[in-house]
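Peer 1: Before anything else, here's the structure in question.
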Amino acid sequence: MNIRLIIKNLSIVVCIEALCMLFPFLIALLYGQDDARAFLFSALITLCVGLLMLRTRVKTNNFYTRDGFAVVALGWVLVSVFGSLPFLISGAIPSPVDAFFETVSGFSTTGATILENVEVMPYGILFWRSFIHWMGGMGVLLLTVAILPSAGASFYHVMKAESPGPGPEKLVPKIGQTAKILYSIYIVLTALLVILLLTAGMPLYDALVHAFGTAGTGGFSIKNLSIGAYGSVFIDIIITVFMFLFGINFTLYYHMLKGNIKSFYKDEEFRFYIGLILASIIAITLDLVLNGLYSVGEGLRYSAFQVNSIISTTGYATADFNLWPVFSKFVLVMLMFIGPCAGSTGGSMKCIRYLLLFKIIKRELSKIMHPRAVHTVKLTGKTIDETTLWETMAYFFIYIFIFVTSSLIVTLDGKDLVSSVTATAAAIGNIGPGLGLVGPMGNFSDFSSLSKIVLSFCMIAGRLEFLPILILFSPSAWKKASI
């Protein structure tokens, strides 16, 4: 690895994070709260470290795939470490492990929290929690690529490592321009959501933090009862729609803006995504109504919100689905392992991988029936190469292996099986709430430091889809380092 160049690139990421801390600093000043000093000190510390890293002398500018993966993995760890400083310095979260957990949960857009009462937290701290959702939603490193005019073709390795899905699509030849296009769409959708929430009667501060959480599919709220605290049908509908929108592949929005509206209907993953959502809403609504919990209208309202919240991996709640019938809870757990479309801001496995796995199974069955025929796997009319198919199967195995191993470690805390397993599923899928102790009205504060570290690893690994973070543990990746 080109370690010097990696440090140089990371320095820019750290400096940008320091500048981003000025937003919650201004919020803290506006509300006249003591956390303003914490953000100022945190920004200065982060900026100083970033500038020191920037002084690293680079001997060669060779930048390969493994370097890009290392930049992304180390970058997410670094921004989480420095991002936890405001929590520690302000005293809002005095434990370093808890502060790191909360920050990782923010940047990875998971939304799992250790805070038992968020409403007593300072406004700047709450704003920072949600703002890092927004930063992590499209990608911290992708933000750097979008900002830097010098981002060249070599940064495709960074985008490839950070973008969720089997492989990112370059919308235009220049990777920096692609990043700018994606972030422009991201900003416009976020701004539109803020405006709609304001029209629904939500205060500006509340609208901003919940728009950040929705856009980044994170789910941190400033209310203990999450979105349910507002008790507004209009707000529920707006956030439901936008959770669905942010779960769609952003390249489809670009094609739509270019006049190709049919790209939505032609895209197999989008059709699978919307079909799964509708089927889940209908199934849960029927279950809730038949069990006498809600009327048909209420059942549709709450099921639509929770289904979109879970499949988009946002994690907001309008009802305590921990109290729902077993069938409804099972459907939600199933959605935790599926997730939204590739190229969205959501986490988990992604719909496209399930489509590919189904097509692989179908192909293997066809080989048995017709052994002499030529069998290919196609998605949206395009033939999928064997490398992508093998990567999909490998990803599925890695996901399950890390999920099972991490769940095993978390069970050492002695919590009930449902809480332990769904806590891991919620972390690795970047969802936030699980069931039991970590349900929509619960939190992760009762878990041990070991479990929180393991769950933090799951959140970062799941957000980066494992390979970038796993490559750091590969000795061969470091042996031929160019220092």
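The values are calculated or read from the model by the stated rules, or taken from the named source; none is laboratory data. Predicted, not measured: the structure shown is a model, and the values here were computed from it. Glycine gets a Cβ as well: all are built from the backbone with ideal geometry, and neighbour counts include every protein chain shown.
Peer 1: Take the residues in the stretch 190-204 that are touching a helix residue (DSSP H, G or I) at 6+ places or on another chain (Cβ under 7 Å) and assigned to a helix (DSSP H, G or I), then tell me which one is surrounded by the fewest Cβ atoms within 10 Å (Cβ to Cβ). Quick ask: steps written out before the conclusion?
Peer 2: Let us first name the residues in the stretch 190-204 that are touching a helix residue (DSSP H, G or I) at 6+ places or on another chain (Cβ under 7 Å), namely 190, 193-194, 196-198, 200, 202, 204.
Subset that is assigned to a helix (DSSP H, G or I): 190, 193-194, 196-198, 204.
Values: T190: 21, L193: 24, V194: 19, L196: 19, L197: 25, L198: 15, L204: 10.
Out of the qualifying residues, it is L204.
Peer 1: Within the stretch 94-113, take every residue that is aliphatic (A, V, I, L, M) and modelled with pLDDT of 95 or more and give me the one that is farthest from M21 (Cα to Cα).
Peer 2: The residue in question is V97.
Peer 1: Ok, one more. As an exercise: evaluate I222 against (1) under 17 Å from V194 (Cβ atoms); (2) in contact (Cβ under 8 Å) with a residue 60 or more places away in the chain; (3) buried (at least 23 other Cβ atoms within 10 Å of the Cβ) and give the number of the one condition it does not meet.
Peer 2: (3)
Peer 1: What about F246, is it within 22 Å of the chain's Cα centre (by Cα), crowded, with 16+ Cβ neighbours inside 10 Å and not basic (K, R)?
Peer 2: Yes: the conditions hold for F246.
Peer 1: Being surrounded by fewer than 24 Cβ atoms within 10 Å (Cβ to Cβ) and either at pLDDT below 95 or in contact with a His (Cβ under 8 Å, 6 or more places away or on another chain) (or both) is true for just one of L252, L278. Which residue is that? Break it down stepwise before answering.
Peer 2: Details: L278 fails: either at pLDDT below 95 or in contact with a His (Cβ under 8 Å, 6 or more places away or on another chain) (or both).
One residue alone meets the criteria, L252.
Peer 1: Any residue in the stretch 74-88 that is within 12 Å of F39 (Cβ to Cβ) sitting within a Cβ distance under 9 Å of a residue that is among the acidic types (D, E) and surrounded by fewer than 24 Cβ atoms within 10 Å (Cβ to Cβ)? List the pairs, counting only those 6 or more apart or interchain.
Peer 2: What qualifies is F87/D98.
Peer 1: Can you go through T60, T46 and tell me which one is among the polar types (S, T, N, Q) and at pLDDT 85 or above?
Peer 2: Result of the check over T60, T46: T46.
Peer 1: For the stretch 54-98, how many residues meet the condition of being in a helix (DSSP H, G or I), within 27 Å of G462 (Cβ to Cβ) and of a type outside the set (G, A, S)?
Peer 2: 20
Here's the yes/no breakdown for (1) under 25 Å from M243 (Cβ atoms); (2) among the basic types (K, R); (3) in contact (Cβ under 8 Å) with a residue 40 or more places away in the chain:
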| position | (1), (2), (3) |
| --- | --- |
| G346 | yes, no, yes |
| I352 | yes, no, yes |
| I384 | no, no, no |
| F397 | no, no, no |
| S406 | no, no, yes |
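Peer 1: Then there is this: For the stretch 319-353, enumerate the residues that are at pLDDT 95 or above and either under 12 Å from the mean Cα position of the chain (by Cα) or polar (S, T, N, Q) (or both).
Peer 2: Answer for the stretch 319-353, where residues must be at pLDDT 95 or above and either under 12 Å from the mean Cα position of the chain (by Cα) or polar (S, T, N, Q) (or both): just S328.
Peer 1: Looking at G32, G68 in this structure, which one is small (G, A, S) and either within 22 Å of the chain's Cα centre (by Cα) or surrounded by 21 or more Cβ atoms within 10 Å (Cβ to Cβ) (or both)?
Peer 2: It is G68.
Peer 1: Mind listing whichever residues of the stretch 348-377 are assigned to a loop (DSSP other than H, G, I, E, B), surrounded by 15 or more Cβ atoms within 10 Å (Cβ to Cβ) and out of contact with any Lys or Arg (no Cβ under 6 Å at 6 or more places or on another chain)? Explain how you work it out, then say what you get.
Peer 2: Step one: of the stretch 348-377, the residues assigned to a loop (DSSP other than H, G, I, E, B) are 348-350, 370-377.
Add one more test, that the residue is surrounded by 15 or more Cβ atoms within 10 Å (Cβ to Cβ), and what stays is 348-350, 377.
Those that are assigned to a loop (DSSP other than H, G, I, E, B), surrounded by 15 or more Cβ atoms within 10 Å (Cβ to Cβ) and out of contact with any Lys or Arg (no Cβ under 6 Å at 6 or more places or on another chain): S348, M349, K350.
Peer 1: For the stretch 378-477, give me every one of the helices (runs of 4 or more DSSP H) that falls completely inside it and has 3 or more residues that are in contact with a Leu (Cβ under 6 Å, 6 or more places away or on another chain) and surrounded by 15 or more Cβ atoms within 10 Å (Cβ to Cβ).
Peer 2: Once the helices (runs of 4 or more DSSP H) in the stretch 378-477 are filtered for at least 3 residues that are in contact with a Leu (Cβ under 6 Å, 6 or more places away or on another chain) and surrounded by 15 or more Cβ atoms within 10 Å (Cβ to Cβ), what remains is 417-428.
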